[in-house]
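S.K.: The structure's right below; bear with me while I get my questions together.
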């Protein structure tokens, strides 16, 4: 717990090969907001975990929620295995982490941006952040239901 009995914000991660979208919650764990997009090209999972620990510390985040891209039938493919590896690396670095099913979040983020009037080309720089918001918000909503 951080000051005044608050749990502290969480950081949401949309893991991609080229980019990683980030979102953060408010300290009361109610609402997810876009934060940044990190370039990832060539960055290993351990190096990415170290960078995410830094970002979490900068933001005072107490937990990292990693999008878990399961196959549509619920099985674990290579991308989901990499997300699990990232969550494990975060845990090993002392940062509590959890996986959140992220099936269809990129499609949902694209639809939301399109509905807001963003052209497909204008979505590219922020689509990963928008997907991270959806991932984190789902985790926050599930946390409140518990």
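S.K.: State all residues of segment 1-26 that are farther than 14 Å from residue 95 by Cβ, at pLDDT below 95 and not in a strand (DSSP E or B); if no residue qualifies, say none.
M.R.: Matches in segment 1-26: 1, 3, 4, 5, 7, 16, 17, 18.
S.K.: On the given criteria, is residue 70 over 22 Å from residue 144 (Cβ atoms) and not in a loop (DSSP other than H, G, I, E, B)? Write out each step before concluding.
M.R.: Working: over 22 Å from residue 144 (Cβ atoms): yes; not in a loop (DSSP other than H, G, I, E, B): no.
Criteria not met by residue 70.
S.K.: Assess whether residue 99 counts as being outside any helix (DSSP H, G or I), touching a helix residue (DSSP H, G or I) at 6+ places or on another chain (Cβ under 9 Å), at pLDDT below 95 and under 24 Å from residue 52 (Cα atoms). Please lay out each step first, then the result.
M.R.: On the way: outside any helix (DSSP H, G or I): yes; touching a helix residue (DSSP H, G or I) at 6+ places or on another chain (Cβ under 9 Å): yes; at pLDDT below 95: no; under 24 Å from residue 52 (Cα atoms): yes.
It is false that residue 99 is outside any helix (DSSP H, G or I), touching a helix residue (DSSP H, G or I) at 6+ places or on another chain (Cβ under 9 Å), at pLDDT below 95 and under 24 Å from residue 52 (Cα atoms).
S.K.: For segment 47-64, how many residues meet the condition of being in a helix (DSSP H, G or I) and either surrounded by 13 or more Cβ atoms within 10 Å (Cβ to Cβ) or at positive phi (or both)? Break it down into steps so the answer makes sense when it comes.
M.R.: Start the filter on segment 47-64 by keeping residues that are in a helix (DSSP H, G or I), which leaves 47-59.
In the following step, the residues that additionally are either surrounded by 13 or more Cβ atoms within 10 Å (Cβ to Cβ) or at positive phi (or both) were identified as 48-53, 55-56, 59.
Matching residues across segment 47-64 total 9.
S.K.: Within segment 7-17, can one find any residue that is over 16 Å from residue 102 (Cα atoms) and exposed (fewer than 13 other Cβ atoms within 10 Å of the Cβ)? Quick ask: steps written out before the conclusion?
M.R.: Of all residues in segment 7-17, those over 16 Å from residue 102 (Cα atoms) come to 7-10.
Now restrict to residues that are exposed (fewer than 13 other Cβ atoms within 10 Å of the Cβ): none.
No, segment 7-17 contains no residue that is over 16 Å from residue 102 (Cα atoms) and exposed (fewer than 13 other Cβ atoms within 10 Å of the Cβ).
S.K.: Could you check, for segment 72-85, whether at least one of its residues is in contact with a helix residue (DSSP H, G or I) (Cβ under 7 Å, 6 or more places away or on another chain) and modelled with pLDDT of 95 or more?
M.R.: Just the residues of segment 72-85 that are in contact with a helix residue (DSSP H, G or I) (Cβ under 7 Å, 6 or more places away or on another chain), to begin with: 82, 85.
Add one more test, that the residue is modelled with pLDDT of 95 or more, and what stays is 82, 85.
Looking through segment 72-85, at least one residue is in contact with a helix residue (DSSP H, G or I) (Cβ under 7 Å, 6 or more places away or on another chain) and modelled with pLDDT of 95 or more.
S.K.: In segment 102-122, what residues are in a helix (DSSP H, G or I), free of Cβ contacts under 8 Å to residues at least 40 places away in the same chain and closer than 18 Å to residue 135 by Cβ? Break it down stepwise before answering.
M.R.: Here is the first cut: in segment 102-122, the ones in a helix (DSSP H, G or I) are 105-115, 120-122.
Then keep just the ones that are free of Cβ contacts under 8 Å to residues at least 40 places away in the same chain; that gives 107-115, 120-122.
Across segment 102-122, the qualifying residues are 107, 108, 109, 110, 111, 112, 113.
S.K.: Here's another thing I want to ask about it. Out of contact with any strand residue (DSSP E or B) (no Cβ under 8 Å at 6 or more places or on another chain), closer than 18 Å to residue 141 by Cβ and crowded, with 19+ Cβ neighbours inside 10 Å: is that true of residue 89 in this structure?
M.R.: On the way: out of contact with any strand residue (DSSP E or B) (no Cβ under 8 Å at 6 or more places or on another chain): yes; closer than 18 Å to residue 141 by Cβ: no; crowded, with 19+ Cβ neighbours inside 10 Å: yes.
No.
S.K.: Name every residue in segment 27-46 that is in contact with a helix residue (DSSP H, G or I) (Cβ under 9 Å, 6 or more places away or on another chain) and part of a strand (DSSP E or B), in order of residue number.
M.R.: Correct list: 32, 33, 34, 35, 36, 37, 38.
S.K.: Under 6 Å between Cβ atoms, at least 6 apart or on separate chains: pull out the pairs that start in segment 84-95 with a residue that is touching a residue at least 12 places away in the same chain (Cβ under 8 Å) and end on any residue that is not in a helix (DSSP H, G or I).
M.R.: Taking only residues 6 or more apart or on different chains, the pairs are 86/66; 87/66; 87/97; 87/99; 90/64; 90/97; 95/64.
The values are calculated or read from the model by the stated rules, or taken from the named source; none is laboratory data. Just so you know, these numbers come straight off a predicted model, no measurement behind them. All Cβ positions, even for glycine, are placed from backbone atoms using ideal geometry, and neighbour counts span all protein chains on display.
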